[in-house]
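**Q** Below you'll find the structure I mean.
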Amino acid sequence: MVATAPGSASELRVSIVLPTYNERGNIEPLLEQLLALQQAFRLEILVVDDDSADGTAELVRRLAHDQPAIRLIRRVGRAGLASAIKEGLLDASGDLALVMDSDGQHEPSSVLRALQALLEGDQDLVIGSRFHPQAQIRGLSGRRETGSSWANASARFSLPRAYAGLTDPMSGFFALRLDAVLPLVRAVDVNGFKFLYELLAVSKGRLRATEIPLTFQPRSYGSSKLDLAIFWDFLISILHSLCLRLLPRRAISFALVGASGVVVQLLVTQLLLGLSGRPLAGNEELALVGALAAASSNYLINNALTFRFARLRGLALLQGLLKFLMVSCLPLAANVGVAQVLVRFSHADSLSAQLAGILVVFVWNYAASSRFVWNTP
């Protein structure tokens, strides 16, 4: 794979960060190809494994016995692609670092081109782009390619204008100068959708960035990790940037989930009012049932999305629901009470009254439930 080193590149130390989760079938051939880079660079390969259940870490450990360039970082109790990349970069000892996926979709032959572009162009960051005019996409379905194009367009809209020319700010393949970029790496929010996107966002346009084309391959083993939670993270990342990163990501997520709770509360309350044929005034129990339904819905969705890295399961899920409802008791009463006061004394309609009551609960629920239900700051 490697011919000759560019200039004095053989004196440079290069760290390659490979985040893994259940990639046993892909990691060994990838490592074999990457180890050929030792002909051109002083090489360090950091495999950051999220405690894979398929034996990925055990295989990497065995390979490292014969290859000192390979280092295994096995994470227990910590998970997530962005946080794995951040941990790998912070542990890297190289002058240059490169991040790539471990599923075989990024060609190892692109590594040398990215590193050469980083050195020859005096760049801080080189991105491997799936959507460069010279790129080839072989590993995405038409639906996935369309979705990725839309996601990249949304990302460019929310990023600093200095990056408006980038074609793939959501890429999982990029090389960087560690000394120049490390302070920004430390600032990256690891709950973000894509590490590169978060890095570009926190840099505020200060990074000198360019792109090289990728040949994006089909996955040879295993299945994609893309799911609803990943899409949710993307949505939160975009909103986070559009809010100038002033609001916490979890608060934005909690607010969106709360908006769905508004719909649940209104639907349940209106349904009960319609079935009973009674007005809201004087029927606090119907509003209370609607508020309880909304609180339960919010809890389950937040557990699945907002706090999924601290997700509760089994008996803990039920205990968490009880805690969540207890935490919500005071604002729940305020929710219903404010609605009743507005209906009785200001002649507000029942819809406006309920919305005013809902507004009262948000801040308390977010702060209290974060700490007492999911035990997060």
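**Q** Let's see if you can work this out: charge +1 on each Lys and Arg Cβ, -1 on each Asp and Glu Cβ, no other charges. What is the dipole magnitude of the range 9-242 about its Cα centre, in debye to the nearest 20?
**A** 480
**Q** Looking at the range 9-242, send over the antiparallel percent of its DSSP beta bridges, to the nearest 5.
**A** Counting DSSP beta bridges with both partners in the range 9-242, the antiparallel share is about 25 percent.
**Q** Could I ask something else about it? For Asp51 paired with Arg278, estimate the spin-label separation in nm (one decimal), with each label point 7 Å from Cα along the Cα-to-Cβ line.
**A** Calculated label separation equals 5.0 nm.
**Q** Test of understanding: what is the full-extension gain from Leu300 to Ala316, defined as 0.36 nm times their sequence separation minus their Cα-Cα distance?
**A** The Leu300-Ala316 span can extend by a further 4.5 nm.
**Q** Just tell me which aspartates and glutamates come within less than 20 Å, Cα to Cα, of Lys204; anything on the same chain fewer than 8 places away is out.
**A** Asp122, Asp124, Asp168, Asp179, Asp189
**Q** Taking 8 Å as the Cα distance limit and 6 or more residues as the minimum spacing, I'd like the relative contact order of the range 9-242 as a percentage.
**A** After rounding, I find 24 percent.
**Q** While we're here: What's log10 of I(q)/I(0) for the range 9-242 at q = 0.10, 0.12, 0.17 Å⁻¹, Debye sum over Cα points only, no solvent?
**A** -0.41, -0.61, -1.36
**Q** A further question follows. Please name which of Ala117, Leu81, Ala153 has its Cα lying farthest along the dipole of the range 9-242 towards the positive end, using unit charges on Cβ (Lys, Arg +1; Asp, Glu -1) and the Cα centre as origin.
**A** Farthest along the dipole direction, towards plus: Ala153.
Each reported figure results from applying straightforward, stated rules to the coordinates on display, with no laboratory input. Remember, predicted model here, so these are calculated numbers, not experimental data. So basically every Cβ, Gly included, is an ideal-geometry build from the backbone, and we count neighbours across all protein chains shown.
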